[in-house]
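The structure appears below as structure tokens.
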Amino acid sequence: MSRNSFDRPSSVCVLLLTGDTPLRDWALGPTLEQFGFDVVKAGCVMEMYEVFEKRLPDIVLLDISLPDSNGFAVARKLRTERIDVGIVMVSRPLKRADLVRGLREGADACLSKSVDDDVLVATLYSVARRLRSAAPAAVATWSLSSDGWLLLSPAGAGVKLNEMERQFLGILMRKPYEIVLRDSIIATLMDGVIEFKPHQFDSIIQRLRRKVILSLGEPLPLDVVRGAGYVLAI
């Protein structure tokens, strides 16, 4: 089967966990890379957790036999720790008892090490699709339109902004839930050649709040930190 004939999700990262060097470096690793997977390799459980500190793969493809553990224990631990990855086990030979136990311990699939490339790749893409379709939808939040001239509420309604409002909200949205100092905001706006007097700043913010609630029917989640600045809780 052609590597381009799969209906596959893009950028699937597979952590290949096995102490079998030929299998890892000369067989499975190159095969998965040829089919477009982003492959990360680990020779033992300790190395797997070192990888997790840097990135979380989509799928862990793990050998039942490991130098410092076994695949059943790894699957059980990952599920106990609620690490959100797909788990596919491989073994040679794949005994029926190993298949049943692997699935009970939390594996999404169990395959023989001698499995055809097409079956292995199709299994990995199937697991990746299930994981992504089961992922919770992104929570709607406040945002700016692509050109920055509309403030969009979580419900998708919009209100037009003037230049000062556009710049002000853009500054806060780059640091959500963080206190942005008032003096820093004013300095940035002044650098942008927006003409206003600093002492008028608070009244400008009040007008923005009023415009948002009148136009969109819900308040802008903008908090004032007295003597410091503003926090946009989006």
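The values are calculated or read from the model by the stated rules, or taken from the named source; none is laboratory data. Here the structure is a predicted model, which means the values were calculated and not measured. Neighbour counts are summed over all protein chains in view; Cβ atoms, including those assigned to glycine, are modelled from backbone coordinates with ideal geometry. We work out accessible area using only protein heavy atoms, side chains counted, and drop any ligands, DNA or RNA first. Shrake-Rupley method; radii C 1.70, N 1.55, O 1.52, S 1.80 Å.
Enumerate the helices (runs of 4 or more DSSP H) found wholly within segment 44-162, keeping only those where 1 or more residues are basic (Lys, Arg) and in contact with a Ser or Thr (Cβ under 9 Å, 6 or more places away or on another chain). Talk me through it step by step, then tell me what you get.
Details: elements: 45-52, 71-80, 96-105, 117-134.
Once the helices (runs of 4 or more DSSP H) in segment 44-162 are filtered for at least 1 residues that are basic (Lys, Arg) and in contact with a Ser or Thr (Cβ under 9 Å, 6 or more places away or on another chain), what remains is 71-80.
Out of the residues in segment 82-98 meeting the condition of being surrounded by 11 or more Cβ atoms within 10 Å (Cβ to Cβ) and among the aliphatic types (A, V, I, L, M), tell me which one is farthest from ARG24 (Cα to Cα).
ILE83
So the check is Cβ under 7 Å with 6+ separation or different chains; which pairs have a first residue in segment 29-56 that's of a type in the set (Val, Ile, Thr) and at pLDDT 90 or above and a second one that's open to solvent by 40 Å² or more (accessible area, probe 1.4 Å) and assigned to a helix (DSSP H, G or I)?
THR31/ASP117; VAL39/GLU33
Which condition breaks for THR141 when tested against (1) more than 30 Å from GLY227 (Cα to Cα); (2) surrounded by 12 or more Cβ atoms within 10 Å (Cβ to Cβ)?
(1)
Quick one: in segment 37-46, of everything that is under 15 Å from LYS77 (Cβ atoms) and surrounded by fewer than 16 Cβ atoms within 10 Å (Cβ to Cβ), which residue is nearest to the chain's Cα centre (by Cα)? Steps first, please.
Of all residues in segment 37-46, those under 15 Å from LYS77 (Cβ atoms) come to 42, 44-46.
Filter once more, so that each one left must be surrounded by fewer than 16 Cβ atoms within 10 Å (Cβ to Cβ): 44, 46.
Working: CYS44: 25, MET46: 23 Å.
It comes out as MET46.
Pick from segment 100-115 the residues that are among the aliphatic types (A, V, I, L, M) and open to solvent by less than 60 Å² (accessible area, probe 1.4 Å): which of them is nearest to the chain's Cα centre (by Cα)? Spell out how you get there, then give the answer.
Taking segment 100-115 and keeping what is among the aliphatic types (A, V, I, L, M), we get 100, 103, 107, 109, 111, 115.
Subset that is open to solvent by less than 60 Å² (accessible area, probe 1.4 Å): 100, 107, 109, 111, 115.
Details: VAL100: 31, ALA107: 22, ALA109: 23, LEU111: 28, VAL115: 31 Å.
Looking at the filtered set, the residue picked out is ALA107.
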